[in-house]
Structure formats: structure tokens, C-alpha cells
């Protein structure tokens with residue numbers, strides 16, 4: 001995300017006030033140049049490699065060539081109070097085009113009827129099941145199997161306070177060499193798993209890989225299958241569509257090419273089970289358990305001097321439900337910021353560590369300076385501008401010029417993401433949708449970015465205070481989901 005400010009002081013002499021104001025101005029300006037240069041560099045890298053990663057020609061048929069060699073995958077679907085979406089998500093995953101997989105639904109406590117829905121919809125029954133607690137998790141109370149789907153398993157466990165503990169339980173029960181972590185509010189394209197697992201064959205040292213995540217709001221899903229794409233009606237969700245496009249098509253693709261990817265989305269990531277067990281599984285006390293695990297895998301492999309890769313594949317798509325109300329979005333962004341800061345602080349020794357390569361010398365400093373510090377700099381920049389205006393030190397002309405330059409940079413990045421989406425993936429077939437997203441790329445600069453920065457600053461403050469961290473209840477939107485009426 002590109003942050004921007006309205007900072008440009010008037011010439012007020014050479015007193016200490018002038019020196020302070022000019023010093024702050026140059027600080028904000030240099031910071032913005034660093035941010036802009038970093039994102040443009042990632043865009044250039046991503047543009048260079050994206051054509052090799054997109055659908056087209058013989059590449060579409062390569063998974064079929066590899067099918068007999070594909071390893072088995074355990075899909076871990078964590079569910080906490082997901083009675084509205086769980087049946088749709090499970091149906092979607094059972095239809096995946098993959099030769100060998102098991103679907104493990106982890107019911108992490110909860111107070112709704114998620115367990116009952118699973119039992120009724122998929123004819124689940126209690127069964128004996130041998131496993132060991134290879135990684136730490138809360139006690140597993142019962143394991144169920146489906147009479148209708150032999151590869152469908154459900155784990156009923158005591159609540160562990162977050163997704164990390166539920167994932168650890170799934171890892172303990174899993175039988176396959178790879179596992180795919182997912183959220184209960186997400187669905188996959190039928191061939192997504194084929195495409196992301198293929199990288200484990202093409203690059204044998206791969207220990208983890210992730211795919212793109214898109215917003216399902218505004219689409220149509222019937223019986224667990226995506227039948228029509230479209231934009232959400234909510235303005236908050238439309239801006240999130242842009243955020244996801246920028247983050248996945250450029251940010252993660254660029255870092256993956258540089259072999260310095262620090263984040264794999266918890267909504268869709270595939271890992272080698274033995275490597276995750278070796279590092280101790282997910283950290284249950286972390287709000288950013290997905291990033292924390294990836295960074296820990298980097299550190300472990302670097303310390304052991306093992307050859308490894310962690311990859312991002314843009315073509316496989318996972319569709320996830322996005323918040324459409326401000327309170328839910330606020331809680332999500334606060335969690336993300338806290339999770340980012342927790343991870344960076346816990347693994348701070350990786351920064352500029354000898355032998356850490358691009359991970360420690362490029363990616364980690366980028367996350368600290370550009371991502372973690374951005375809400376602080378953003379809000380301070382706005383306060384600084386207001387004070388300049390109040391005391392009559394604001395150069396209006398220069399401020400407007402600076403504003404235009406920074407907004408222009410943000411538009412450039414958004415436009416590149418839209419052009420790349422249109423030419424390479426074409427997920428949204430209507431040109432009207434593309435034009436609508438471009439309009440929101442302009443409008444998001446006026447209000448939304450500042451609101452998002454304020455939320456992230458709140459997350460920073462909560463992390464500094466070490467206040468208790470909770471996931472909280474997330475409001476779900478199910479308007480995109482339709483189900484067939486059961487026959488009587």
C-alpha cells in the first residue's frame with residue numbers, strides 16, 4: 001500500500017522552527033520515495049515473470065502430465081462458528097480436481113451448530129482414529145468420518161483460541177506428505193490445488209507455496225462451485241478487491257521471484273508437513289500465525305544451511321469472503337497489524353543476519369520500514385500537515401503538487417494491477433467492472449486509506465501495550481452462496 005501525506009512547508013526562515021519543519025518535511029518526503037521505489041521495483045520484477053506463470057498454451061495441460069507423480073494432500077479446513085458457510089466450503093473442496101487428497105474439517109469449539117450441520121449434510125459418524133500429538137494443540141475430543149465421502153474427516157476439539165491451534169490439530173491427524181491450510185469462508189477453483197502443488201515437483205526443494213486469494217463477494221457460488229464472477233456491491237469490498245490484486249499480483253509474486261517471500265496467506269497455502277512439524281507447528285499465541293510460520297521456516301532452513309524455496313503461484317485462485325461493514329474490517333486490519341508486528345519482533349534477529357541473503361537484507365527491512373511503520377508515518381504526516389496549516393506555514397501549491405504526485409503513484413500501481421489482471425487472468429469478464437475498479441482506485445485515496453491507517457495504528461498501540469489478543473466474532477456475508485433444495 002502506498003501511503004501519502006499533504007506535507008510541504010512554506011519558507012519561514014532559518015530559526016529552529018524552520019529547521020524542524022524542513023527536517024520533518026524531508027523525512028516524510030524521503031520515506032515516501034523509499035516506499036514508492038520499493039513498490040515500483042516489485043512491480044517491475046512481477047511484470048517480468050507473470051507471463052510464465054499464467055494460463056495459456058501447453059502450460060494448461062502440464063498438471064495432467066504430472067498427475068501420477070503428484071503427492072497426496074491433506075486439506076485442513078478450520079471452522080469456528082461457521083454454520084452458515086461450512087457446507088458450501090466442504091462441497092467446493094470435495095469437487096477439487098486432484099487425484100489424492102483428504103479433507104479434514106477442524107471444529108474448534110464454538111457455540112453455533114457447525115458440528116450439527118456437518119453431521120446432517122455429510123452423514124458423519126464417530127470412528128476410532130490413530131494419531132499422535134506431533135505438534136502442540138488443545139485436546140481432540142472426537143474424530144468423525146463421512147459415510148458418503150471416504151476422504152472426509154472431521155475433528156472435534158476443545159477451543160484453542162485461534163486458527164493456529166486448530167491447524168496444529170489438523171496436522172496431527174493428517175496422513176498426507178503435504179497439507180493445505182484453508183479458512184471455512186473460502187472456496188477453491190477446481191484445478192487450484194493441481195497448480196500450486198505442481199511447484200513442489202518442478203522445484204524439489206520447495207517447502208511451502210501459496211496461491212492468489214480473491215474476493216468472492218459479488219460472485220455467484222452454487223453447490224460449492226463458482227459459476228459467475230462479479231464485483232461486490234459494498235464500496236468497502238470493492239476497495240478490498242483492489243488491495244488483493246495489488247498484494248498478490250505484484251507484492252507476493254515479486255518477492256517470490258526474489259526468493260524472499262515472507263507471507264503465504266492462511267486462506268490458501270500448501271506446506272510440507274514434515275518441515276512444519278520439525279519447526280514445531282503453528283505458534284498458538286500469534287495473531288499472524290501464517291506469516292510467523294513462514295518466517296520461522298526461513299530462519300530454520302537458513303540456520304541449518306539447507307537448500308529450500310518458498311514460492312507463490314498467481315494462477316491458482318482461492319475465493320474468500322471479505323468484510324462488508326466497518327467494525328468487522330477494523331478488527332481484521334487491527335489483527336493483521338498486530339500479527340505483522342508480533343512476527344517481526346519475534347524474528348528480529350533475522351534482519352541483516354549474516355548469510356540470510358535477500359530474506360534478511362531485503363524482505364525483512366522492507367516489512368519493517370514500508371509495512372510495519374507506514375501507519376505511524378501516515379498519521380504523523382497528517383498531524384504535521386494540519387499543524388502547518390494551523391500556524392500558517394503550509395505552502396498550499398507545493399502541498400497540492402506533492403499530493404498529486406503521490407496519488408498518481410498509487411493510481412499507477414493500481415492501474416498496472418488492473419491491466420495485468422485484464423490481460424493475463426481476466427477473472428472479471430466485464431470491462432465495466434474494470435472501469436469501476438479504476439474509479440475506486442482514485443476514490444480510495446480520499447478517506448479509506450486514512451481510515452485504514454488509523455486502524456493499523458490502533459493495532460500498533462495494542463501491540464505496544466501487550467493487550468490481550470483475540471480473534472473475535474467475524475460477521476459473514478452469504479449473499480453470494482446458493483444451495484440446491486434437498487430432494488424429499
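With q set to 0.12, 0.21, 0.22, 0.32 Å⁻¹, the log10 of I(q)/I(0) for the range 217-266, from the Debye formula over equal scatterers at the Cα positions, is -0.39, -0.83, -0.85, -1.07.
Could you please rank 180, 137, placing first whichever residue has the fewest other Cβ atoms within 10 Å of its Cβ? Ascending number of Cβ neighbours within 10 Å: 137, 180. Angle of helix 163-173 to the longest C-alpha principal axis of the chain, folded into 0 to 90 degrees and rounded to 10: 30°.
Distance between the modelled labels on residue 415 and residue 201, one decimal in nanometres: 4.1 nm (7 Å Cα→Cβ projection). With 0.36 nm allotted per residue and the present C-alpha distance subtracted, the residue 127-residue 97 stretch has 8.1 nm of extension available. Does anyone have the angle between helix 16-53 and the longest principal axis of the chain? Alpha-carbon axes, 0 to 90°, nearest 10? It is inclined by approximately 40 degrees. Rounded to the nearest 0.05, the FRET efficiency derived from the C-beta distance between residue 431 and residue 120 at R0 = 51 Å is 0.70. If I fit a long axis through the Cα atoms of helix 326-346 and take the longest principal axis of the Cα atoms of the chain, what angle between them do I get, 0 to 90°, rounded to 10? Between helix and principal axis, roughly 90 degrees. For the pair residue 443 and residue 233, the difference between a 0.36 nm per residue extended length and the Cα-Cα distance amounts to 74.1 nm.
Shape verdict for the range 97-147, please, from the Cα gyration tensor: rounded (a/c under 1.5), prolate (a/b greater than b/c) or oblate. Each step should come with its number before you reach the end.
Details: a/c = 1.60, a/b = 1.05, b/c = 1.52.
Because a/c hits 1.5 or more and a/b fails to exceed b/c, the range 97-147 counts as oblate.
With the convex hull of its Cα atoms as the shape, the range 385-450 has an orientation-averaged projected area of 5.2 nm².
The modelled label-to-label distance for the pair residue 404/residue 422, using points 7 Å beyond Cα in the direction of Cβ, is 2.4 nm. The antiparallel fraction among DSSP beta bridges confined to the chain stands at about 45%.
By the beta-carbon count within 10 Å of each Cβ, the least crowded to most crowded order of 104, 376, fewest first, is 376, 104.
I want to check the label-to-label distance for residue 373 and residue 465. Put each point 7 Å from Cα in the C-beta direction and report it in nm to one decimal. With each label point 7 Å from Cα toward Cβ, the separation is 2.5 nm.
Sorting the segments 292-301, 353-362 by their residues' average number of neighbouring beta-carbon atoms within 10 angstrom, most packed first, yields 292-301, 353-362. The tail of the calculated P(r) for the range 150-245, taken as Cα-Cα distances beyond 17 Å, holds 66 percent of the pairs.
Counting beta carbons within 10 Å around each of 385, 434 and listing the fewest first gives the order 434, 385.
Please list 95-101, 276-282 highest first by mean number of surrounding beta-carbon atoms within 10 Å per residue.
Numbers: 95-101: 16.4, 276-282: 19.6.
Final packing ranking: 276-282, 95-101.
A Förster radius of 25 Å combined with the Cβ-Cβ distance from residue 348 to residue 275 puts the calculated FRET efficiency at roughly 0.65. Each of the peptides 269-275, 33-39 was scored by the mean count of other Cβ atoms within 10 Å over its residues; in descending order, highest first, they stand as 269-275, 33-39.
Grouping the Cα pair distances of the chain into 20 Å bins from zero gives a pair-distance distribution of 23, 56, 19, 2, 0 percent in increasing distance order.
Values in this text are rule-based calculations from the coordinates and carry no lab data. Worth saying up front: this structure is predicted, and the values here are computed from it rather than measured. No Cβ is skipped: glycine too gets one built from the backbone with ideal geometry, and neighbour counts run over all protein chains shown.
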